[in-house]
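Could you have a look at this structure, given as structure tokens, before my questions?
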Amino acid sequence: MKNTRSLIVVLALAAAVIVSCKKESKTETEATTEESAASTTTSSAAVVTKLDSTRKFIRTADLKFKAKDVAKTTYAIENITTKLGGFVAYTNLQSTTNEEQTNKLNADSSVVTKHFTVENEMVLRVPNTRLDSTLKAITPLIGHLDFRVIKANDVSLTMLSNKMAQSRSAESSKRLANAIDGKGKKLNDIANAEDKLTTKKEQSDNAKLENLSLKDQVSFSTVNIAMYQNEAVSHEMIANDDSGKYDQGLGSRFMDSLKTGWNMVTALLVFFTQLWGLLLIVLIAFIGYRKYKLSFKK
């Protein structure tokens, strides 16, 4: 008995180990599949690589697409941008009326029918390392893509040039300042030197500001989005401001009466059509009664 129990315990442990190994293998396979799928949906053109550490890229993306609902898509993109550490620099959600018609229902009210198109233009600023994630998150919101343009402009040399210009301006300004402080200089010479010093400082400040602007554009990528949707139609019932202006003539009243009478006839036809089952039962009962009556007379 003891040997049998020991054998059962050993078999149970072996089965548990085999099941756990299968689960781990399945989990690893699923993880590999998910990573593979993620890699295929990532925008490789927008991914920051290790080589970028030696370069300074200004990355921009331009998108134009059709959305199912522009307003809802706009709110979704705003949420995506905020969650990824970016911000919305510009958004212009608007609708354009393509056609508008006003049809009178009766003396008191009318229906306004509008054909309109909703569109929006957005400018997003997202961290440079999150540009690919932003584009990947926006992709499911696209109904039809018109175009997608991604640019990477290397400004490393421009930033280095600005830095060198700052250094030269600083050295030149220092020499000019020392010359101005020197004694025995004429007033005109001092004025000219002051003007040159101001110009040098201005050049240095401009180079510094340009570098700060470039650093900001390198740190935060810009995404320009233009979206639109299919033409939509809305119906709105409004009250007539002066019912006296809409008094119907004899011809209009006559036509309205014909329409009202026809609507009553069609309503009755629909009502009797709904009772076809009951009418069929009555008809069968009537036929059965007639046959029974005739047979009874014979």
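Within segment 83-107, restricting attention to residues that are surrounded by 12 or more Cβ atoms within 10 Å (Cβ to Cβ) and out of contact with any strand residue (DSSP E or B) (no Cβ under 7 Å at 6 or more places or on another chain), which residue is farthest from residue 125 (Cα to Cα)?
Residue satisfying both the conditions and the ranking: 107.
Is it the case that segment 73-88 has a residue that's of a type in the set (Val, Ile, Thr), touching a helix residue (DSSP H, G or I) at 6+ places or on another chain (Cβ under 8 Å), at pLDDT 90 or above and over 25 Å from residue 216 (Cα atoms)?
yes
Now for a separate question. Pairs, please: C-beta under 8 Å, at least 6 apart or cross-chain, first residue under 13 Å from residue 225 (Cβ atoms) and in segment 66-78, second of a type in the set (Phe, Trp, Tyr) and not in a helix (DSSP H, G or I)?
So the pair list comes out as 66/228; 67/228; 70/228.
The values are calculated or read from the model by the stated rules, or taken from the named source; none is laboratory data. Note that the structure is a prediction, hence the values are computed from the model and not measured. Positions of Cβ are backbone-derived with ideal geometry, glycine not excepted, and every protein chain shown enters the neighbour counts.
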